[in-house]
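Bear in mind these aren't lab numbers, they're just calculated from the coordinates by the rules spelled out. What you see is a predicted model, and the numbers here were worked out from it, not measured in a lab. Quick reminder, even Gly has a Cβ in these numbers, built from the backbone with ideal geometry, and neighbours come from all protein chains shown.
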Protein chains: 2
Amino acid sequence: MSAVLLSGKQLAQTIREKAHQAARDLEADGLRPTLAVVVATDDGSTHWYVRSIERAAGSAGIGCRIVDLGPDATEQVLASVLQDLSGDPSVSGIILQTPLPPGVGTDELVGHIAPEKDVDGANPLSLGRLAVGRPSFAPATARAVIEILDHFDIPLAGRNVVVIGRSAVVGKPLSLLLLERDAAVTVCHSRSGPLEKYTRTADVVVVAAGRTGLLNGGHVSSGAVVIDVGTNVLPDGSLVGDVDEGSVRGIAAALTPVPGGVGSVTTSLLLLHTVAAAREQARTLVPGSAG
Amino acid sequence: MSAVLLSGKQLAQTIREKAHQAARDLEADGLRPTLAVVVATDDGSTHWYVRSIERAAGSAGIGCRIVDLGPDATEQVLASVLQDLSGDPSVSGIILQTPLPPGVGTDELVGHIAPEKDVDGANPLSLGRLAVGRPSFAPATARAVIEILDHFDIPLAGRNVVVIGRSAVVGKPLSLLLLERDAAVTVCHSRSGPLEKYTRTADVVVVAAGRTGLLNGGHVSSGAVVIDVGTNVLPDGSLVGDVDEGSVRGIAAALTPVPGGVGSVTTSLLLLHTVAAAREQARTLVPGSAG
């Protein structure tokens, strides 16, 4: 028996088309949704990724403004740019791309992204709102996991779901989204002890730890659905997840591939969030417009 | 074998003395920490609770301003009062007491409590900051659980901790605090399926569901530490927790009583948060004062 591969490509395409249609609808009202991406690094793979967002936006009829501040940008400059973009009515969504220059902390800066434009859920206020069930954008990667599970009709209510990783961009927001979907949610991490204690009885295992080969076949039960959020670049330049695909495919029922799994859905969701943000901003700015 | 009862009374007293000493230190600088409690109900037990906070504050040298807006207060009035208190330099901490008048929602209102005065961690921004490890006040009840566990030297790192209840005031913030302490954290709730699936293997079980008798001896293993956050008022007026004390005491290693457990520590922590808020506000307002 070999696990079914849960490709994210078709879903990514469907979401992108949905975003494109919503962008066309807004265009008919004279609005062009625009995503601003703030970059402050000369890291090649970051620039490659940002260009891939730009291309995806373009093909979905969404504007993309790359604000490249260079690898020497100060925290003050970054904060001021994020404030300006937050107040700029021509910008619908804002992403602050990591890595940042040495010594510049993400935590303080993301507080300058207006929550209604925070399409990648980076501002702590967005996370807090998510926790209390108020409108906010979840980090696109966390939401991508839920969308993939839904796409393949994998039930969550009453299920035992284990999340490996406790980051503010994936593990924590994802656990909130899973709770909202009535799962029992366990969060494990590098210091929580043997993984198999939790993963062997799990219906769904989500790995978001950033460690190549962290989860292997011995960790999971047959019947388990494994979602691999890891994106690790090997010395030869190839991309692998956190799952030891060879051994897990022999045991688990289903597995998302890397690349072509969660990551492919993430960018599409950023676009969908951007058009949703543009629509909401138009609604709140124009009195009497459709609700 | 009968479980050890983990009383919160001594710890509550210790924390209250710590708050009192800090209040004295601030008084020496001409400052009086003050807690504002906003009430909008004629519910008798709420008023009883608010008076108990007032008494506790008084005996710790902390001012308490009860702002009673009556059971007919509108959302607009409540919002405006919270904004005024947030801007009032003579107020160090703010609590919005529930229940609120029918039709008035807590979720929107708590956003008007300035995060630096949000001593019961009610503003979603406080929860979001907690999630990303930035300075913020945790809800006092959630923190009380951690303080009791620490007080009785119950280790958390690498332990299997199960939290029953996913509320924004206890379950969710507590799970964040437990993750910060390196536990593996599982959150269960009314729709997550059979509790014993998770609780039987847990080292620590925290029950915060608000349902009398929810956790019984059949749910826990010998050796388990059980923390009861429930406060349910029986028809005869007596207070009980969520734990069926009789059966759990026969199995578990330790259990917090209700009353006299978590609840007694919570009020003391509100006072400690209030003096901490006052100190921080003095530090940021007076240039050149001690850091």
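May I ask for the distance between the Cα centers of the range A:103-118 and the range B:231-263, given as a whole number of Å?
One Cα centre to the other: 43 Å.
Kindly count the pairs of lysines across the protein assembly as shown whose alpha carbons are less than 24 Å apart, treating pairs on different chains or eight or more residues apart as eligible.
Number of lysine pairs found: 12.
Any idea which of B:Thr74, A:Leu78, A:Val104 is furthest toward the positive side of the dipole for the protein assembly as shown, if Lys and Arg beta-carbons carry +1 and Asp and Glu beta-carbons -1?
Of B:Thr74, A:Leu78, A:Val104, it is A:Val104.
Could you size up the charge dipole of the protein assembly as shown around its Cα centre, putting +1 on the beta carbon of Lys and Arg and -1 on that of Asp and Glu, and report it in debye to the nearest 20?
With only Lys, Arg, Asp and Glu charged at Cβ, the dipole is about 860 debye.
Name the residue, out of A:Pro257, A:Pro101, A:Pro33, whose mean-square fluctuation peaks in a Gaussian network model built on chain A with Cα pairs under 10 Å.
A:Pro101
Considering only C-alpha atoms, what is the centroid distance from the range B:162-184 to the range A:133-176, in Å?
With the range B:162-184 and the range A:133-176 each reduced to a Cα centre, they are spaced 17 Å.
Which residue, chosen from B:Ser92, A:Ala19, B:Val206, occupies the Cα position most advanced towards the positive end of the dipole of the protein assembly as shown, where the dipole is computed from +1 (Lys, Arg) and -1 (Asp, Glu) charges on Cβ about the Cα centre?
The listed residue farthest towards the positive side: B:Val206.
Just counting partner chain Cβ atoms within 10 Å, what average do the residues of peptide A:176-187 show around their Cβ?
6
Placing a label point 7 Å from Cα toward Cβ, how far apart in nm is A:Trp48 from its equivalents in the other copies, listed shortest first to one decimal?
Output for A:Trp48: 6.7 nm, nearest copy listed first.
Rounded, prolate or oblate: which fits chain A when a ≥ b ≥ c are the square roots of the eigenvalues of the alpha-carbon gyration tensor, with rounded for a/c under 1.5 and prolate only if a/b beats b/c?
Here chain A falls in the prolate category.
Return the percentage of antiparallel bridges among DSSP beta bridges fully within the protein assembly as shown, rounded to the nearest 5 %.
Within the protein assembly as shown, antiparallel bridges account for around 10 percent of the total.
Answer rounded, prolate or oblate for the range A:29-118, using the Cα gyration tensor with square roots of eigenvalues a ≥ b ≥ c: rounded when a/c is under 1.5, else prolate when a/b is larger than b/c, else oblate. Please report the intermediate quantities before stating the final value.
Working: a/c = 2.46, a/b = 1.29, b/c = 1.91.
Verdict is oblate for the range A:29-118.
What number, rounded to the nearest 500 deg cm²/dmol, is the helix-based mean residue ellipticity at 222 nm of chain A, given -39500 (n - 2.57) per DSSP H run of at least four residues and division by all its residues?
Value at 222 nm, helices only: -12500 deg cm²/dmol.
At what distance in nm do the modelled label points of A:Asp153 and A:Arg200 sit from each other, each positioned 7 Å from its Cα along Cα→Cβ?
3.2 nm
Scanning chain B for helices, which whole DSSP H stretches are 24 Å or more long along the axis (Cα) and average 0.0 or more by Kyte-Doolittle? Numbers along the way, then the final one.
Details: long enough: B:9-28 (28 Å, -1.03); B:262-285 (34 Å, 0.62).
Those that pass (Cα extent of 24 Å or more, hydropathy at least 0.0) are B:262-285.
Let me know the shape class of the range B:140-263, please: from the alpha-carbon gyration tensor, a ≥ b ≥ c as square roots of the eigenvalues, rounded when a/c is under 1.5, otherwise prolate if a/b is greater than b/c, or oblate.
rounded
List the equivalent ellipsoid semi-axes of the range A:149-195 in whole Å, largest first, each obtained as the square root of 5λ for an eigenvalue λ of the Cα gyration tensor. All intermediate terms of the calculation are to be shown ahead of the outcome.
Values: eigenvalues 78, 28, 17 Å².
After scaling each eigenvalue by five and taking roots: 20, 12, 9 Å.
Using 0.36 nm per residue of separation minus the Cα-Cα distance, give me the extension gain between B:Asp25 and B:Asp72 in nm, one decimal.
Values: separation 47, 0.36 × 47 = 16.92 nm, distance 3.99 nm.
Residue separation times 0.36 nm, minus the Cα-Cα distance, leaves 12.9 nm.
Charges on Cβ only, +1 for Lys and Arg, -1 for Asp and Glu, centred on the Cα centroid of the range B:140-263; of B:Ser222, B:Ile164, B:Val240, which one is farthest towards the dipole's positive end?
B:Ile164
Inside 10 Å of the C-beta atoms of A:167-175, what's the mean count of C-beta atoms belonging to other chains?
The per-residue average across the peptide is 3.
Out of B:Asp236, B:Asp228, B:Asp84, any idea which swings most in a Gaussian network model of chain B, alpha carbons joined below 10 Å?
Result: B:Asp236 has the largest fluctuation of those listed.
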